[in-house]
Amino acid sequence: MFKSAVVGLGVIGPHHCKCYRSTREIQLGAVVDTNAERAEKYAKEFNVPWFTSLDEVLKREDIDFIDICVPSGLHGDLAVAAAKAGKHVISEKPMDVTPQRCGDIIRAFKKSKTVFGGIFQHRFADDSRRTKAAVDAGRLGRLTFVGCSTPWWRAQEYYDYGDWRGTRKLDGGGCLMNQGVHAIDLLLWICGPVKSIFARTALLAHQKIEVEDVAVATVEFENGALGVISGSTASFPGSAVRHVVTGTAGMINLSDDQATIWQLKDELGAQPQGGGAAATAAATVGAAADPAAVSTDIFVRNIDDIARAAREGRQPLVSAEEHRKAVECISAIYKSAQTGRPVRLPLRRFEPKA
Ligand SMILES: NC(=O)c1ccc[n+]([C@@H]2O[C@H](COP(=O)([O-])OP(=O)(O)OC[C@H]3O[C@@H](n4cnc5c(N)ncnc54)[C@H](O)[C@@H]3O)[C@@H](O)[C@H]2O)c1
């Protein structure tokens with residue numbers, strides 16, 4: 001059984017610690033936080049040793065995985081250090097905050113031959129996987145119109161807590177790089193690579209932050225489909241993340257990972273599958289307004305897949321190359337909003353203006 005050290009014990013780190021109670025391939029072996037009080041508290045709760053620096057854990061032979069849960073703009077530094085020390089990595093989203101930092105991580109893991117696996121837990125929800133399988137099997141015909149929307153609310157106190165949220169350097173962006181990144185990853189995974197993007201962003205409801213709290217982008221996919229990506233942390237009280245995937249032979253709508261519309265020509269007449277009204281009702285609660293309201297099951301699947309990949313010597317579903325795609329897409333949105341012009345992908349470098 002692999003052992004993992006969770007690094008960063010703020011909102012999401014303790015959630016990862018809890019997930020290791022249910023994982024089959026890997027267990028918690030240590031906790032790390034620069035804040036000693038926090039590290040000691042969770043060490044007691046989960047009955048593992050605690051440390052205040054990554055370096056101490058990198059030296060330990062009984063730790064196979066470093067599970068990175070620190071502010072986003074530090075992900076690359078920790079991942080590269082772990083790769084150099086011969087450790088596998090599980091990394092929270094986003095992979096880092098610029099495409100070039102993602103490139104650094106990819107290169108480090110090519111050299112180390114250890115496994116890098118990203119967290120995009122929504123790919124592991126049942127209806128997300130069924131949607132991806134239906135599109136891949138051509139059951140929606142030619143994809144025509146697609147999109148995702150993350151209309152969430154974050155109070156000013158959310159950005160005021162901690163000194164990294166809402167900063168360019170460590171958050172990398174606002175409602176898209178931090179919150180909408182999940183929905184964007186799912187859209188790209190299901191609908192394929194993006195060819196070009198034209199976008200607007202704005203800061204409308206918050207003070208003292210360097211990033212956007214509203215963003216809207218039109219997207220052209222390589223397969224010709226057109227789409228809309230939108231996100232907000234300025235939409236009180238916040239509601240469900242929605243995906244619309246439509247084509248010449250079918251339509252699927254997801255609301256917080258559950259299918260609310262499932263109409264495929266090849267099964268016309270059958271009842272729509274998925275969560276239906278219950279999903280819609282459930283969709284108005286959760287992470288829409290509360291960053292700590294995240295479920296465990298899909299995280300457990302995501303973490304177990306990464307550990308299994310290390311054991312089997314293969315890439316996990318959310319490989320380093322896969323983790324980078326959403327960061328690249330969001331960077332293209334920021335570049336388009338900054339320049340007022342469409343941006344073609346791939347985009348391997350982008351320095352946002354201060
Ligand atoms: N997958 C999800 O649904 C999800 C949900 C929330 C957050 N996240 C991601 O998780 C990451 C952390 O977010 P959070 O909300 O938990 O942040 P947070 O500010 O609540 O916690 C970060 C913790 O990291 C510690 N830390 C900072 N630098 C460190 C270092 N060099 N070594 C060790 N510890 C260090 C801090 O002391 C703090 O305890 C972010 O990248 C965020 O985008 C993902």
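Please identify the pairs in which a residue from the stretch 65-86 that is farther than 14 Å from V32 by Cα and not assigned by TED's automatic domain parsing to the domain that holds M177 has its Cβ atom under 8 Å from the Cβ atom of a residue that is within 10 Å of the ligand (Cβ to nearest atom) and assigned to a helix (DSSP H, G or I), counting only partners at least 6 apart or on another chain.
Cβ pairs passing all conditions: S72/M177; S72/N178; A81/L54; A81/D55.
Of the residues that make up the stretch 178-192, is at least one within 12 Å of the ligand (Cβ to nearest atom), among the hydrophobic types (A, V, I, L, M, F, W, C), in a loop (DSSP other than H, G, I, E, B) and under 30 Å from G86 (Cα atoms)? If you could, list the steps in order and put the result at the bottom.
Pass one, the stretch 178-192, residues within 12 Å of the ligand (Cβ to nearest atom): 178-183, 185.
Filter once more, keeping what is among the hydrophobic types (A, V, I, L, M, F, W, C): 181, 183.
Checking the rest, the ones that are also in a loop (DSSP other than H, G, I, E, B) come to none.
Looking for residues that are within 12 Å of the ligand (Cβ to nearest atom), among the hydrophobic types (A, V, I, L, M, F, W, C), in a loop (DSSP other than H, G, I, E, B) and under 30 Å from G86 (Cα atoms), one finds none in the stretch 178-192, hence no.
Identify all residues within the stretch 336-354 that are of a type in the set (A, V, I, L, M) and either in contact with a Pro (Cβ under 9 Å, 6 or more places away or on another chain) or modelled with pLDDT under 95 (or both); write none if there are none.
Taking the stretch 336-354 as the starting set, the residues that turn out to be of a type in the set (A, V, I, L, M) are 337, 343, 345, 347, 354.
Answer for the stretch 336-354, where residues must be of a type in the set (A, V, I, L, M) and either in contact with a Pro (Cβ under 9 Å, 6 or more places away or on another chain) or modelled with pLDDT under 95 (or both): L345, L347, A354.
Looking at V89, V70, which one is within 13 Å of the ligand (Cβ to nearest atom) and under 18 Å from Q121 (Cα atoms)? Break it down stepwise before answering.
Numbers: V89 fails: within 13 Å of the ligand (Cβ to nearest atom).
None of the others qualify; the one that does is V70.
Among the residues of the stretch 98-123 satisfying the criterion of being away from the ligand (no atom under 15 Å from the Cβ) and aliphatic (A, V, I, L, M), which is surrounded by the fewest Cβ atoms within 10 Å (Cβ to Cβ)?
Across the stretch 98-123, the extreme among qualifying residues is I106.
Within the stretch 135-164, count every residue that is of a type outside the set (A, V, I, L, M, F, W, C) and assigned to a loop (DSSP other than H, G, I, E, B).
First, the residues of the stretch 135-164 that are of a type outside the set (A, V, I, L, M, F, W, C): 136, 138-139, 141-142, 144, 147, 149-151, 154, 156-163.
With assigned to a loop (DSSP other than H, G, I, E, B) added as a condition, the list becomes 138-139, 141-142, 154, 161-163.
Selection size over the stretch 135-164: 8.
For the stretch 133-158, which residues satisfy the criterion of being surrounded by fewer than 21 Cβ atoms within 10 Å (Cβ to Cβ) and among the aromatic types (F, W, Y)?
F145, W153, Y158
Out of curiosity, is I229 under 21 Å from H182 (Cβ atoms) and part of a strand (DSSP E or B)?
Values: under 21 Å from H182 (Cβ atoms): yes; part of a strand (DSSP E or B): yes.
Answer is yes for this residue.
Scan the stretch 272-316 for residues that are away from the ligand (no atom under 16 Å from the Cβ) and modelled with pLDDT of 95 or more and jot them down.
Result: A307, R308, A309, A310, R311, E312, G313, R314, Q315.
Using the structure shown, decide if S232 is among the hydroxyl-bearing types (S, T, Y), touching a residue at least 60 places away in the same chain (Cβ under 8 Å) and either more than 19 Å from P346 (Cα to Cα) or not assigned by TED's automatic domain parsing to the domain that holds H243 (or both).
On the way: among the hydroxyl-bearing types (S, T, Y): yes; touching a residue at least 60 places away in the same chain (Cβ under 8 Å): yes; either more than 19 Å from P346 (Cα to Cα) or not assigned by TED's automatic domain parsing to the domain that holds H243 (or both): yes.
So S232 passes the test.
The values are calculated or read from the model by the stated rules, or taken from the named source; none is laboratory data. Please read these numbers as outputs of a predicted model, since none were measured by experiment. Every residue, glycine among them, receives a Cβ derived from its backbone with ideal geometry; neighbour counts consider all protein chains shown.
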